[in-house]
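See structure below.
Only the coordinates and a few stated rules stand behind these numbers; no lab work does. On a predicted model such as this, the values are computed, not experimentally measured, just so you know. All Cβ positions, glycine included, derive from the backbone under ideal geometry; neighbour counts span all protein chains shown.
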Amino acid sequence: MAERIHITTAIFYSNGTPHVGSAYEALAADVFARSQRRRYGRENVSFLSGTDEHGDKIRRAAIAEGLAPKAYTDKMSVLFSDAFDGLNVDLDYWVRTTDAVHEKFVQQMLTKTQARGNIEFKEYEGLYCVGCERFYTEKELQQPGNLCPTHNTVVELIKESNYFLKIDQFRAEVIDKIKRDEILIRPERYKNEALNMLAEPLSDLCISRPKARMDWGIELPFDDLYVTYVWYDAFWAYVSEPASRLGLDTFMRDWWPHTEHFIGKDILKTHAVYWPAILLAAGLPLFKSLNVHGWLNFGGSRMSKSSGNVRDPVSYEKAFGPDVLRYFVMREVVYGLDGDFSEERLTERYNADLANDLGNIVSRVLAMAQRYFDGEISTAPKLAEAADATDLIGSSAHKLYLCFGRDGKALEQKVAAAVDDLDFKGALEDIWQTLDAANKYIVATAPFSLAKDPANLRQVAQILANLLEAIRVVADALEPFMPVTAAKIFDVLNVSDDTTKRAPYGDGLKPGHKVKPPTPLFPRREKLAAS
Ligand SMILES: [Zn+2]
């Protein structure tokens, strides 16, 4: 098992603003990163994102705004980093491909790759998509008419001398590693797609542009008339800063083989075919996983800059409060498949899952604890372990018990395992099943009725102790998904130390502990307020 883990999002092409689609990837990776930090400790997890800032599209976007490319990307990069801050994406590295550290590192990799004889200079004539900034073979294009499969535009025939990476020599090795899951591509369907992409010989990969045509890139260390940019440049963003900080050898030995890349399905080919070859050509080891997600559709089509249906993720954070967008996309979308984003559905989930299921139980149980016991817990939690309970109270207590199991860790372990498997939706379903069991336990035991007779108060104290402890464990399990909400729940439970937060069911809230009066977590809402 990895003791260290390096997690990346794709770096974001900074010619547009962040939208819910780009936030989705960062949020999934953030949930994964937070879950790994709980297991390995913060110092053993590195989580990286950033912006891809070179290339012709960006140069043109800068010109259109009357800015120098660097000034333009300074502005755009901040839009992304601010959006991710606003969504509580807790990064360790924010890499910009125009940072001096990154540029120097890319030049070192070019020198290394050149020295290994894996780069060739030659004249080339090819079909080039300006939107994708890459050459296509006729086979890859939509026919008739040589249309780019991504942009649906006619590609241009370009003839020029360039530097090429000889990648076909690594194809057999990459296929072998994918087949053995040494490059783990998941979900499985993408593994098969990647193997199909590798079935035919690969043409050499063009990694340069003559400055005369396009100079917004990183100068080649062995030819100052050329720059490299886009893919060759962008891939190294996964490596450049941590390797420069820790040393290349240390990073490659201790961290890199445990790398989890989170990417969209549209860049599977570049990551499954080109990226391993680029690493092997530089004599470096390979990453561990490609975690491939689908597209977030809005109004029936993919949310993207070019579709014009983008939504600002931070506006939802502001309108609904923290964690709500995160909860929604993780609960609603099966990782790997396309999902639908709609404001109506977001409001539905907000009211049903957050205001009702989660918010209600927290405020009801804390209100009762306050009303009957001045917030003080007087007994240790104890649920029905025996499965033979036949009455409603006994069987509901047993069902709640089963959520935590004999060692009190079942929920946490199920959630962590589901996150490892990228089953974010399943993890949240496990947490909500626990909330459901707790709600049914309240209905069956009816502590608010029992409390009317003072003779029953010991029994009520036991019921509330059981429920408060259940709420604590739920808050702990929710933490990677809803960090702000978990912190709020821990606050009203008056729990501040990690040992109590993370304790198995039964070992957390002790007799004598006092909880605070409730504050509303998710006030009900009728519809989305215009933001
Ligand atoms: Zn294209």
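When each of His54, His19, His151 is scored by the number of other beta-carbon atoms lying within 10 Å, the sequence from fewest to most is His151, His19, His54.
Each of Leu67, Leu248 has some number of other Cβ atoms within 10 Å of its Cβ, and from fewest to most they run Leu67, Leu248. The label point for Glu65 and the one for Arg39, both projected 7 Å from the Cα toward the Cβ, are 3.9 nm apart. Simple rule: put +1 on each Lys or Arg Cβ and -1 on each Asp or Glu Cβ in the range 343-502, find the dipole, and look at Tyr372, Ala355, Val443; the Cα lying farthest toward the positive end is Tyr372.
Once the Cα-Cα distance is subtracted from the 0.36 nm per residue extended length, the Leu246 to Asn494 segment shows a gain of 85.4 nm. Cβ crowding within 10 Å, taken as a proxy for footprinting-reagent exposure, orders Lys516, Lys440 from fewest neighbours to most as Lys516, Lys440. Net charge dipole, the range 343-502: roughly 500 debye, given to the nearest 20, about the Cα centre with Cβ charges of +1 for Lys and Arg and -1 for Asp and Glu. Cysteines in the chain that lack a partner Cβ within the 4.7 Å cut-off: Cys206, Cys403. Given in Å, the Rg to one decimal and the Dmax to the nearest whole number for the Cα atoms of the range 343-502 are 15.7, 49. Basic side chains Lys and Arg get +1 at the Cβ, acidic Asp and Glu get -1 at the Cβ, and with that the dipole of the chain about its Cα centre reaches some 880 debye. Rounded to the nearest Å, what's the spacing between the alpha carbon centres of the range 164-239 and the range 248-302? Just the number, please. That distance is 11 Å.
In the chain, the calculated helix contribution to ellipticity at 222 nm averages -13000 deg cm²/dmol per residue, counting -39,500 (n - 2.57) for every DSSP H run with n ≥ 4.
Of Lys75/Lys425; Lys409/Lys514; Lys122/Lys269; Lys70/Lys488; Lys57/Lys179, which pairs sit farther than 31 Å apart, going by alpha carbon to alpha carbon? Over 31 Å Cα-Cα: Lys75/Lys425; Lys70/Lys488; Lys57/Lys179. Maximal additional length on extending the Glu160-Glu140 stretch stands at 5.1 nm, based on 0.36 nm per residue less the C-alpha distance. Reported to the nearest whole Å, the Cα centre-to-centre distance from the range 351-407 to the range 478-497 is 18. Comparing Cα centroids, the range 414-429 and the range 76-90 end up 25 angstrom apart. Legend: translational diffusion of the range 52-145 by Stokes-Einstein, Rh = Kirkwood radius over C-alpha pairs, 20 °C, 1.002 mPa s; D = 128 µm²/s.
Once the chain from Asn356 to Ser449 is taken as fully extended at 0.36 nm per residue, the excess over their C-alpha distance is 31.4 nm.
Rounded to whole numbers, the Karplus 3J(HN,Hα) couplings from phi for the range 80-88 are 6, 5, 5, 4, 5, 4, x, 9, 6 Hz, using 6.51 cos²θ - 1.76 cosθ + 1.60 with θ = phi - 60°, and x at Gly and Pro. With N the number of residues in the chain, Rg(Cα) / (2.2 N^0.38 Å) evaluates to 1.12.
Ordering Ile167, Trp256, Thr519 by Cα displacement along the dipole of the chain toward the positive end leaves Thr519 in first place; charges were set at the Cβ atoms of Lys, Arg (+1) and Asp, Glu (-1). Cβ-Cβ distance of Asp82 and Asn456, R₀ of 51 Å, FRET efficiency by 1/(1 + (r/R0)^6): the value works out to about 0.40.
In this structure the amide hydrogen of Leu184, modeled in the peptide plane, comes within under 5 Å of the amide hydrogens of Ser289, Leu290, none closer than 5 places in sequence on its chain. In this simple spin-label model, placing a label point 7 Å from the Cα along the Cα-to-Cβ direction at both Ser301 and His151 gives a separation of 1.7 nm. The mean sequence distance of close C-alpha pairs (under 8 Å, at least 6 residues apart), as a share of the length of the chain, puts its relative contact order at 15 percent. Applying a threshold of 19 Å to the alpha-carbon distances of Lys414/Lys501; Lys382/Lys440; Lys318/Lys501; Lys414/Lys440 flags Lys318/Lys501; Lys414/Lys440 as lying beyond it.
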